[in-house]
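Worksheet: the structure to be examined is printed underneath.
The values are calculated or read from the model by the stated rules, or taken from the named source; none is laboratory data. If you're wondering where the values come from, they're calculated on a predicted model, not measured in any experiment. As a convention, Cβ positions derive from the backbone with ideal geometry for all residues, glycine included, and neighbour counts pool all protein chains shown. These accessible areas exclude ligands, DNA and RNA; they are computed on the full protein's heavy atoms, side chains included. Shrake-Rupley method; radii C 1.70, N 1.55, O 1.52, S 1.80 Å.
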Amino acid sequence: MKIDIKELKALGLSLHFEMDNQQLEKLHKESEDLLTALDSLSNLDVGAFAPMHYPFKNSSNSLREDVASQNNDPKKFLKNAKDVNGKYVVVK
């Protein structure tokens, strides 16, 4: 995939970026380098690897049980508010 300077300029304008020719040239070179690097990934043989949902074995990302509790004390929450009206926090 190749992106020419004309396409970069149109993309920049659609994103409300104003770029001079020097910036466009730099962006063009960087985008070509990036696309070349990404294209090289398509040559990798990954057939020996099983698909993974997460790249690391991490037990801390497991879901916890959803247990309802009734330990919400409104007085404790309202104690931190700057201005309170009854059981409501006043926002100015």
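Using the heavy atoms of the protein chains alone and a 1.4 angstrom probe, what is the accessible area of the chain per residue in square angstrom?
On the way: 9420 Å² over 92 residues.
I get 102 Å² per residue for this part.
Can you give me the % of accessible surface on the chain that is carbon or sulfur? Probe 1.4 Å, all protein chains present, nothing else counted.
Numbers: 5360 of 9420 Å².
On the chain, the fraction of accessible area on carbon and sulfur atoms equals 57 percent.
Just checking my list (i) 13.2, 44; (ii) 21.9, 65; (iii) 27.1, 66 against Rg and Dmax of the Cα atoms in Å computed from this structure; which label fits?
Calculated Rg and Dmax of the Cα atoms in Å: the matching label is (iii).
Report the local net charge at Asp39: Lys and Arg +1, Asp and Glu -1, summed over other residues whose C-beta lies under 14 Å from its C-beta. Could you put the intermediate results ahead of the total?
On the way: positive: Lys2; negative: Glu32, Asp33.
Net charge around Asp39: -1.
All other residues with a Cβ under 15 Å from the Cβ of Glu7 taken together, and with Lys, Arg as +1 and Asp, Glu as -1, what is their net charge? Present the calculation step by step, with values, prior to reporting the outcome.
Values: positive: Lys2, Lys6, Lys9, Lys29; negative: Asp4, Glu25, Glu30, Glu32.
Summing Lys/Arg as +1 and Asp/Glu as -1 gives 0.
For helix 5-14, report the angle its Cα long axis makes with the longest principal axis of the Cα atoms of the chain; keep it between 0 and 90° and round to the nearest 10°.
Compared with the principal axis, the helix lies near 20 degrees.
Taking the Cα atoms only, what angle lies between the long axis of helix 21-41 and the longest principal axis of the chain, rounded to 10 degrees?
It is inclined by approximately 80 degrees.
Do the sum for the chain: with -39,500 (n - 2.57) for every DSSP H run of n ≥ 4, divided by all residues, what is the mean residue ellipticity at 222 nm, to the nearest 500 deg cm²/dmol? Provide the component values of the computation, followed by the final result.
Details: 3 runs with 36 residues, N = 92.
That comes out to -12000 deg cm²/dmol.
Could you please report the charge total around Gln23, scoring K, R as +1 and D, E as -1 over all other residues with beta-carbon less than 14 angstrom from its beta-carbon? Before the final figure, lay out each step's value.
On the way: positive: Lys9, Lys26, Lys29; negative: Glu18, Asp20, Glu25, Glu30.
Net charge around Gln23: -1.
Give the long-range amide H neighbours of Val84: residues separated by 5 or more places, or on another chain, with amide H under 5 Å away, using H modelled in the peptide plane at 1.01 Å from N.
Val90
Looking at the chain, how many pairs of lysines come closer than 17 Å at the Cα, when each pair is eight or more places apart or spans two chains?
10
Comparing Lys26, Lys79, Lys57, which has the greatest mean-square fluctuation in the GNM of the chain with Cα pairs linked when under 10 Å apart?
Top of the fluctuation ranking is Lys79.
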